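Each remark here refers to the structure printed beneath this line.
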Amino acid sequence: MLQIWFDPDAIAIVLFGTLAATVLRCGIADSRIAVASLRNILEKPFDVPQAKAELAVQIRQIANDGFVRAEPRHFGDDEFDSLSDLIINQRSIQSLHGEHEKFKLARLTHSQTAVRVLESAAELAPVFGLAGTLVALAQAPGTAPQENGLVGAIAMAVITTLYGLVAANLVFAPLGSAIARRSRREEEDRDEVLAWLEQGICQTGVILPQTTAAQEVA
């Protein structure tokens, strides 16, 4: 039974054809971003409790020692390491939001690129399933003594079509959706931590949010 559903030639046509066409359509740079995003979904997601615990040390230092003796708190997260530097050097809530938006835009651009590449792969997989079907039918013998060869060709034709549909709907499209969900969740978590950090800094009494230009004129 397994031999009926496993056809290396069909797999090669659908899988490698889809991957090659996706790289050609989307480009090497975007394809690398998609590969990196696929690796990221296997890694540990952004840890909200850990981030708050690390940043709580920063808040306590500011509350106890002020900005003169407080040191930026770095814990390996590029965004919040950069925000810690801004807290000490600029003492501006607005600058925190500006820096956060810069990192957020870069992450969203990265994830959207990865999703677009995988959507292209999902679109191309059935095409190569059809291509495999046409290749198999083109190789089918046309005479009765070669009936076994005809059956094999028809079987490959059916399998390649199936592989194309499976690759599109059970591999590439779900992976793209997984990256999109991971991205949305991470941005929600990071927004939560930033709001918590802003509130904690304001509660120290050492730094206050900057007023807007309209408020200053008023």
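The values are calculated or read from the model by the stated rules, or taken from the named source; none is laboratory data. Note that this is a predicted model, so its numbers are computed, not measured. Note: ideal-geometry Cβ built from the backbone for every residue, glycine included; neighbour counts use all protein chains shown. SASA here: full protein model, heavy atoms, side chains in, ligands and nucleic acids out. Shrake-Rupley method; radii C 1.70, N 1.55, O 1.52, S 1.80 Å.
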- Query: For Cys202 and Glu71, what does the FRET efficiency come to when R0 = 22 Å and r is the distance between their Cβ atoms, rounded to the nearest 0.05?
  - Reply: 0.60
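Where the convex hull is taken over the Cα atoms of the stretch 67-123, what is its projected area averaged over directions, in nm²?
Values: hull surface 18.2 nm².
Projected area, direction-averaged: 4.5 nm².
Using a 1.4 angstrom probe with every protein chain in place, what is the largest-first accessible-area order of Leu15, Leu83?
Numbers: Leu15 70, Leu83 0 Å².
Of Leu15, Leu83, the descending order of accessible area is Leu15, Leu83.
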- Message: Could you report the accessible area of Leu86 in Å², rounded to 10, computed with a 1.4 Å probe on the protein chains as they sit in the structure?
- Response: 20 Å²
- Leaving out ligands, DNA and RNA but keeping every protein chain, what accessible area does Val158 have, in Å² rounded to the nearest 10, with a 1.4 Å probe? 90 Å²
- Note on the structure: Unit-weight point scatterers at every alpha-carbon of the stretch 41-146, Debye formula, q = 0.23 1/Å: log10 I(q)/I(0) is -1.23
- When averaged across all projection directions, what area in nm² does the alpha-carbon convex hull of the stretch 1-90 cover? 10.0 nm²
- Message: What is the distance in Å between the Cα centroid of the stretch 70-105 and that of the stretch 157-194?
- Response: 31 Å
